[in-house]
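See below for the structure under consideration.
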Amino acid sequence: QVQLQAFGGGLVQAGGYLRLSCASSVGTLSNYNMGWFRQAPGKEREFVAFISWRGSTTYYADSVKGRFTISRDTAKNTGYLQMNTLKPTDTAVYYCAAGGRLPAYYTASQYNYWGQGTHVTVSS
């Protein structure tokens, strides 16, 4: 079991960058596959990125491919989402999650543990 906390969100101009972090205060995050999802106002939660528990496999939503990078630091028990070249359409609450199972890594219901979300606002 893990307890996740996501942080690092904020307000940034279009073209800027942010790095989100997801830390676990309980348990070992490196034992789990990890994902990032986001939910914009009035929209459903959508998949953003996935990283396997070993860190050897990553997947991205088409909308963020080439701009976002998911990673993890086993020693720090923390996962990251580096977001570059941000667009106003990236504005959302971002959630980290753990426990996702292949092959449906893009499905929220496959994840057992969720952080509380961190707000990202990209201004034009």
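The values are calculated or read from the model by the stated rules, or taken from the named source; none is laboratory data. Predicted model, so just to flag it, every value in this text is computed and none were measured. Cβ sites come from the backbone with ideal geometry, for glycine too, and all protein chains shown count toward neighbours. Please note that ligands, DNA and RNA were not included when accessible areas were found on the heavy atoms of the full protein model with its side chains. Shrake-Rupley method; radii C 1.70, N 1.55, O 1.52, S 1.80 Å.
The set of residues in segment 79-92 being of a type in the set (Val, Ile, Thr) and surrounded by 18 or more Cβ atoms within 10 Å (Cβ to Cβ) consists of Thr91 alone.
If I ask for residues that are surrounded by 15 or more Cβ atoms within 10 Å (Cβ to Cβ) and farther than 19 Å from Ile70 by Cβ, which ones from segment 4-52 would you list? Answer for segment 4-52, where residues must be surrounded by 15 or more Cβ atoms within 10 Å (Cβ to Cβ) and farther than 19 Å from Ile70 by Cβ: just Gly27.
Note on segment 96-107: residues that are closer than 15 Å to Val48 by Cβ and open to solvent by 40 Å² or more (accessible area, probe 1.4 Å) amount to 3.
Only one residue in Gln110, Gln116 is within 16 Å of Val2 (Cβ to Cβ) and open to solvent by 80 Å² or more (accessible area, probe 1.4 Å). Which one? Please lay out each step first, then the result.
Numbers: Gln110 fails: open to solvent by 80 Å² or more (accessible area, probe 1.4 Å).
Selected residue: Gln116, the only one of Gln110, Gln116 that is within 16 Å of Val2 (Cβ to Cβ) and open to solvent by 80 Å² or more (accessible area, probe 1.4 Å).
Restricted to segment 58-77, and to residues that are more than 25 Å from Ser25 (Cβ to Cβ) and free of Cβ contacts under 8 Å to residues at least 12 places away in the same chain, which residue is least open to solvent (accessible area, probe 1.4 Å)? This residue is Gly66.
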